[in-house]
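One structure below.
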Amino acid sequence: MADYGMHSAKCLASFHFTRDHVEAVVAKSALIIGSGPVGSTFARLLVGAGIDVTMIDAGGERSSEVGRHLRNETIYQHNPDRFTDVIRSSAMRISVPSSRRSESDSHINPDQDPATNLGASRAARAVGGMGIFWAGATPRTHPVVEHIPFVDGDELSRLYGVAEKLLHTTTSAYEMSVQGRVVTERLNEAGYQVRQLPLAVERLSVDPPRVHWSGPEIILKGGDRNAPSVADDPRFTLLPEHLCTALVHSGRQVTGAVVRDLATGAERTLVADTFVVACGSVLTPQLLWASGIRPDALGRYLCEQTMATCQVALSDDLASRLDDGPNVVEPNLWIPVAEGRPWHAQLHRGIFGYAAVPDGVDRRTVTDLVWFSTCDVRRENAVTFSDRVADPYGLPQPTFHFGANVADRARADDMVTDMAKAATALGKFLPGAEPAFLEAGFALHITGTTRMGADARESVVDPYAKVWGLDNLYLGGGGVIPAGVACNTTLTSMALAVRTAEAIAAG
């Protein structure tokens, strides 16, 4: 067997191996599978701790810098509607039942029951993952309603602070929006507590309005877009278009990762001291299942948010107070989760295609209202993986088994009533954009599928995200979150990844 253990990690990409060869990564090394915000958090912190990191992703590079948010292109700065098609064309639906064959170009899953599907759930395979498309919202969880067990409150606050710094989170980038001030005043008069939405973004200029959205590019730079990137560090290697098909394990150790170069079809096995899987809440448990790592809780306890939206044209008295000109800064507002109000609300112009502004309507007067409600944590809500049907990448096809209970439905109904109240305080619904639930899975905020816990029978990883029964395999992402939450999950996923990375670095 060839031994390349003395070569730097940077050199590894130049070697070509057959399936029977094993490639050794240098001492005190980590292999990170997945390059989204969570994988990039691990990379930034582990390289900073002196660990050699190889990061792989099944997707290719989409931008000039590793993990740069695609919305930073000038064409998308002034009209977020244009960015919707970029997202739709880049993220593939995870499970499409046979009944929807005619309306989808995605892979068909004959085992999927449409009634229990998260039909809008998608996965992005690209360097940077969903981090090159995401909306950038970074709220913290509510300490009671969205309590994250197994992490002390003060410790979680510290971890959030680290994650916020890595993302360059701010609440000031859109505070100059006149529309935002008008909407805030009216809703506060109606009894709401509206705030600026925490966003991973940097305001570059007001006139013309231009911002820089944080993707993994910013995380790899430690939160400063002008700082050096870990991507340029000699201890870091990125292998795009490399799919991990299985983790090789023996006893309590993962000994290697079988990786296929999608450009050439060649396979090889990468070896490291530590392995981190951060492929998302569905693709991470998929890889474990494909590898024969199948704890009883794998894929179970799945939570996904119920999501509703509507679109409002501001009333004449509010519209008369708006800016008049081409360089209008749009609002990005937030109504946080609260006790007695277990849903999270955002008011902005969305990029995920909730509803485009119709022709002939003044964009300045239009606000999207987007409300997210949590669901109860239940073991029977799950994603399972087939040993018979393969997905387009040859891995076990995921199938969703998800449903709402009575409490979930009542909570969702109360949420929509609350959203309609806020909307009518602002103006009138645009035709065809009245309050409506979106297709299940649209939120893309799945949690629980690789949940952390204190009991190996009811969780996949321990409180530091190490897989039960394996000493060198760690997981990251929303699947690790053991609670149902109503807010966006990226910041919490990154905060937990910070904790895990610190534990790995400490040995």
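Overview of values
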{"read-out": "Test set (1) modelled with pLDDT of 95 or more; (2) loosely packed, with under 15 Cβ neighbours inside 10 Å; (3) among the acidic types (Asp, Glu); (4) farther than 22 Å from VAL416 by Cβ - ASP362 fails condition number", "value": "(1)"}
{"read-out": "Matching residues, segment 259-285, being assigned to a strand (DSSP E or B) and in contact (Cβ under 8 Å) with a residue 24 or more places away in the chain", "value": "VAL259, GLU267, ARG268, THR269, LEU270, VAL271, THR274, PHE275, VAL276, VAL277"}
{"read-out": "Positions within segment 437-453 being under 15 Å from the mean Cα position of the chain (by Cα) and part of a loop (DSSP other than H, G, I, E, B), in sequence order", "value": "GLY441, PHE442, ALA443, LEU444, HIS445, ILE446, GLY448, THR449, THR450"}
{"read-out": "Test result for ASP368, without any contact (Cβ under 8 Å) to a residue 12 or more places away in the chain, of a type outside the set (Val, Ile, Thr) and either touching a Phe, Trp or Tyr at 6+ places or on another chain (Cβ under 9 Å) or in a loop (DSSP other than H, G, I, E, B) (or both)", "value": "no"}
{"read-out": "For TRP334: the one exception among (1) closer than 30 Å to MET176 by Cα; (2) within 18 Å of the chain's Cα centre (by Cα)", "value": "(2)"}
{"read-out": "Number of positions in segment 166-194 that are under 24 Å from LYS421 (Cβ atoms), exposed (fewer than 15 other Cβ atoms within 10 Å of the Cβ) and under 28 Å from the mean Cα position of the chain (by Cα)", "value": "1"}
{"read-out": "Any hit, segment 226-240, residues being surrounded by fewer than 22 Cβ atoms within 10 Å (Cβ to Cβ), over 30 Å from ALA263 (Cα atoms), modelled with pLDDT of 95 or more and touching a strand residue (DSSP E or B) at 6+ places or on another chain (Cβ under 8 Å)", "value": "no"}
{"read-out": "Enumerated strands (runs of 3 or more DSSP E) restricted to segment 1-93, each holding at least 3 residues that are under 16 Å from the mean Cα position of the chain (by Cα) and modelled with pLDDT of 80 or more", "value": "91-93"}
{"read-out": "Per-region count, segment 170-198, residues part of a strand (DSSP E or B) and in contact (Cβ under 8 Å) with a residue 40 or more places away in the chain", "value": "2"}
{"read-out": "Pairs with Cβ under 9 Å, 6+ apart, first in segment 139-157 and not assigned by the TED database to the domain that holds ALA338, second of a type in the set (Asp, Glu) and not in a loop (DSSP other than H, G, I, E, B)", "value": "ARG140/GLU164"}
{"read-out": "Test: residue in segment 201-224 that is outside any strand (DSSP E or B) and under 23 Å from PRO336 (Cα atoms)", "value": "yes"}
{"read-out": "Residue within segment 459-475 that is among the charged types (D, E, K, R), more than 29 Å from THR309 (Cβ to Cβ) and outside any loop (DSSP other than H, G, I, E, B) present", "value": "yes"}
{"read-out": "Residue under evaluation THR284, criteria (1) of a type in the set (Val, Ile, Thr); (2) under 26 Å from GLY403 (Cα atoms); (3) in the same structural domain as ASP413 (by the TED database), criterion not met", "value": "(3)"}
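The values are calculated or read from the model by the stated rules, or taken from the named source; none is laboratory data. These numbers come from a predicted model, not from an experiment. Backbone-built Cβ (ideal geometry, glycine too); neighbour counts: all protein chains shown.
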